[in-house]
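This report concerns only the one structure given below.
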Amino acid sequence: MATAAAPRTSEFESPNAPRLFGTDGIRQVVGEEMTPVFVAEVGSALGTYLHGSGEVLIARDFRTSSEAMSRILAGTLLMKGVNVRDMGTMPTPCLQFNIRALGATMGLTVTASHNPNEFNGIKFTGPQGIELPRESEQAMEWAIHRHEYAPGTWDRVGSLRADPDGIDRYVSSILHHTDVPIVRAARPRVVLDPGNGTSAVTSPRLLRELGCQLITLNANPDGYFPGRPSEPNEENLWALRKTVVDVGAAIGIAHDGDSDRVAFIDEKGQFLPGDIAMAVLARERLRQRPGGTVVTSVTSSTLIEDVVEAGAGILEVTRSGSLPVAQRILEREAVFGGEENGGYYWPEHQVARDGPMSSTKMIELLVRSRRPLSELVATLPRYYLSKTKVPLVRPFRDRVLARVHERLEQEADRLVTLDGQKAYYPDGWLLVRPSGTEPICRIFAEGRSAERAKELMAHGVEMVRQEVDRLNAGSNVSP
Ligand code: MG
């Protein structure tokens, strides 16, 4: 069998071996990079990586090309000798839950998460229900780059079966880990906005079984996303914010396209930034599990540190991205994990970002507290976050970062170099973090006031720009 050899990392940095995997699987524009041939190559690379054995679960979202792509992936894997279980349309966390529940070898979700309509993608999940490590992605990228696949033979074709019970399994686990009687007794009024995405097949049912008085918006699955753009940010959720107030609901809940993330609206129609929702959830978690470990990534607010310290918990900070957070949760047997983008982890249910699970835990918390969500938020310390990005080409990346490091080391109280450069000042912090996949540098800043956050962010932008200009001026070779 011609299995692709794992190459050295440096070879992937060369222009001849383009990186296909982003922070969460492969995402491309359908009909441009995402062609039938490319999808079959991805299936072939995976079949080769799995040595033509095991069982792969395939789920999909409602994008216009998702069924076609999942059929190509299934057919290719079968011809490479891998068994396939077709899970149908469901959220990414629902598929991830089923991988562990069924003891499968791996799972694929055909989805482009919150990306615009023309995109589609493939998310890869390993047997523990967390994403594949970078080395596995590299092995597949290398196989695709060289078109080197295990051949597959007529007498070793895999078997295909459909599994209609995936959503039942998942919803049962969420309800099992939620205090259903307390919510049923209170019957909170809840507005849910799946944004025409995959939570439309899990969450209306989940929240009704939980005992909520449910009002839905955009709850028809539709790959054209007619209701709103798929990213659940403040601007896109204007209709949900209005509806919550109009119907007098206790809370509004929205998900991104593949429902691994969640956004909350308080009873006044105000959008909760991801950090603030994380702090509310983490505080409750530590009340129930005193001394527990909470995992978050380097981009999170100081608010999380404050809440974990006040709850006598242990805070673990990782590089950004769901894989580092999930791995650390497993290593430290953490009680909760979260990212500022609205991805929250409930390890007793599964170690993956889970939007629907996060929604029931927030409702449970609200009912138990007997206070409006806006009041729970008002009891937290207040910080302000500003973020932006500036162009930074790859050849300049390391030199710019080294210079930024030198400058921040001089002026900051403390410097954390876990993922980019995070500098702490008496009244805020600044994070300068080049993207691993795009020619940009992300700048995050937080302060005790909105002005201070903006000031720190502008300082970060200026530093990166100055260093880029200096390199451009001193170099005869254009980057
Ligand atoms: Mg997503």
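The values are calculated or read from the model by the stated rules, or taken from the named source; none is laboratory data. Predicted, not measured: the structure shown is a model, and the values here were computed from it. FYI the Cβ positions are ideal-geometry reconstructions off the backbone, even for glycines, and counts take in every protein chain you see.
Residues of the stretch 97-125 being assigned to a loop (DSSP other than H, G, I, E, B) and either within 16 Å of the ligand (Cβ to nearest atom) or farther than 17 Å from Gly197 by Cβ (or both), which ones?
Gly103, Ala104, Thr105, Thr111, Ala112, Ser113, His114, Asn115, Pro116, Asn117
Scan (1) of a type in the set (Ser, Thr, Tyr); (2) surrounded by 21 or more Cβ atoms within 10 Å (Cβ to Cβ); (3) over 30 Å from Arg287 (Cα atoms) for the single condition Ser358 breaks and write down its number.
(3)
Looking at Ala139, Ala45, Ala112, can you tell me which residue is at pLDDT below 95 and crowded, with 24+ Cβ neighbours inside 10 Å?
Criteria check complete, one pass: Ala112.
Do we have Thr388 as part of a loop (DSSP other than H, G, I, E, B) and β-branched (Val, Ile, Thr) here?
no
Given the conditions (1) in contact (Cβ under 8 Å) with a residue 40 or more places away in the chain; (2) at negative phi, which single one is not true for Thr76?
Going through (1) in contact (Cβ under 8 Å) with a residue 40 or more places away in the chain; (2) at negative phi one by one, Thr76 breaks only (1).
If the requirement is being touching a residue at least 40 places away in the same chain (Cβ under 8 Å), more than 23 Å from Leu217 (Cβ to Cβ) and touching a Ser or Thr at 6+ places or on another chain (Cβ under 7 Å), which of these qualifies: Glu131, Glu148, Glu141?
Glu131
Determine whether Pro381 is touching a residue at least 12 places away in the same chain (Cβ under 8 Å), within 21 Å of Gly420 (Cβ to Cβ) and out of contact with any Gly (no Cβ under 8 Å at 6 or more places or on another chain).
Considered against the rule, which asks whether it is touching a residue at least 12 places away in the same chain (Cβ under 8 Å), within 21 Å of Gly420 (Cβ to Cβ) and out of contact with any Gly (no Cβ under 8 Å at 6 or more places or on another chain), Pro381 comes out as no.
For the stretch 354-385, what are the residues that are charged (D, E, K, R), within 16 Å of Ser301 (Cα to Cα) and at pLDDT 95 or above?
If the condition is that a residue be charged (D, E, K, R), within 16 Å of Ser301 (Cα to Cα) and at pLDDT 95 or above, then no residue fits.
Do any helices (runs of 4 or more DSSP H) lying entirely in the stretch 146-263 carry at least 1 residues that are among the aliphatic types (A, V, I, L, M) and in contact with a strand residue (DSSP E or B) (Cβ under 6 Å, 6 or more places away or on another chain), and which ones are they?
Filter on the stretch 146-263 gives 203-209, 238-247.
Answer yes or no as to whether Pro347 is surrounded by 24 or more Cβ atoms within 10 Å (Cβ to Cβ) and either more than 30 Å from Lys454 (Cα to Cα) or under 20 Å from the mean Cα position of the chain (by Cα) (or both).
For Pro347, the condition - surrounded by 24 or more Cβ atoms within 10 Å (Cβ to Cβ) and either more than 30 Å from Lys454 (Cα to Cα) or under 20 Å from the mean Cα position of the chain (by Cα) (or both) - is not met.
Residue by residue through the stretch 427-446, note down the ones that are among the hydroxyl-bearing types (Ser, Thr, Tyr) and crowded, with 16+ Cβ neighbours inside 10 Å.
Within the stretch 427-446, Ser435 is the sole residue that qualifies.
Under 9 Å between Cβ atoms, which residue pairs at least 6 apart in sequence (or on different chains) link something in the stretch 156-177 that is at negative phi with a partner that is among the β-branched types (Val, Ile, Thr) and in a loop (DSSP other than H, G, I, E, B)?
Filtered contacts from the stretch 156-177: Gly158/Val82; Ile167/Thr202; Tyr170/Thr202; Val171/Thr202; Ile174/Thr202.
Do you know which residues across the stretch 162-193 are more than 25 Å from Val84 (Cβ to Cβ) and either in contact with a Ser or Thr (Cβ under 6 Å, 6 or more places away or on another chain) or among the charged types (D, E, K, R) (or both)?
The answer is Ile174, Thr178, Asp179, Arg184, Arg187, Arg189, Val191, Leu192, Asp193.
Name the one entry in Gly269, Gly311, Gly257 that is among the small types (Gly, Ala, Ser), within 16 Å of the ligand (Cβ to nearest atom) and in contact (Cβ under 8 Å) with a residue 24 or more places away in the chain.
Of Gly269, Gly311, Gly257, the one residue that is among the small types (Gly, Ala, Ser), within 16 Å of the ligand (Cβ to nearest atom) and in contact (Cβ under 8 Å) with a residue 24 or more places away in the chain is Gly257.
Is it true that Ile26 is at pLDDT 95 or above, within 18 Å of Leu132 (Cβ to Cβ) and among the β-branched types (Val, Ile, Thr)?
No.
Being under 29 Å from Val245 (Cα atoms) and either within 14 Å of the chain's Cα centre (by Cα) or within 16 Å of the ligand (Cβ to nearest atom) (or both), is that true of even one residue in the stretch 315-338?
yes
When the residues of the stretch 69-96 are narrowed to those that are among the hydroxyl-bearing types (Ser, Thr, Tyr) and away from the ligand (no atom under 16 Å from the Cβ), which ends up farthest from Met357 (Cα to Cα)?
So the residue we want is Thr76.
Any chance the stretch 277-289 includes a residue that's under 15 Å from the mean Cα position of the chain (by Cα) and either touching a residue at least 40 places away in the same chain (Cβ under 8 Å) or more than 16 Å from the ligand (Cβ to nearest atom) (or both)?
yes
Answer with yes or no whether Leu192 is over 19 Å from the mean Cα position of the chain (by Cα), under 28 Å from Ala326 (Cβ atoms) and crowded, with 24+ Cβ neighbours inside 10 Å.
Answer is yes for this residue.
How about the stretch 264-290: which of its residues are surrounded by fewer than 24 Cβ atoms within 10 Å (Cβ to Cβ) and either in a loop (DSSP other than H, G, I, E, B) or among the hydroxyl-bearing types (Ser, Thr, Tyr) (or both)?
Glu267, Lys268, Gly269, Gln270, Pro273, Arg289, Pro290
Taking only the stretch 429-469 into account, find how many residues are in a strand (DSSP E or B) and in contact (Cβ under 8 Å) with a residue 40 or more places away in the chain.
The qualifying residues number 12.
Return the residue satisfying two criteria in turn: it lies in the stretch 126-145 and is away from the ligand (no atom under 16 Å from the Cβ) and part of a loop (DSSP other than H, G, I, E, B), and of such residues it is farthest from Thr89 (Cα to Cα).
Here the answer is Pro133.
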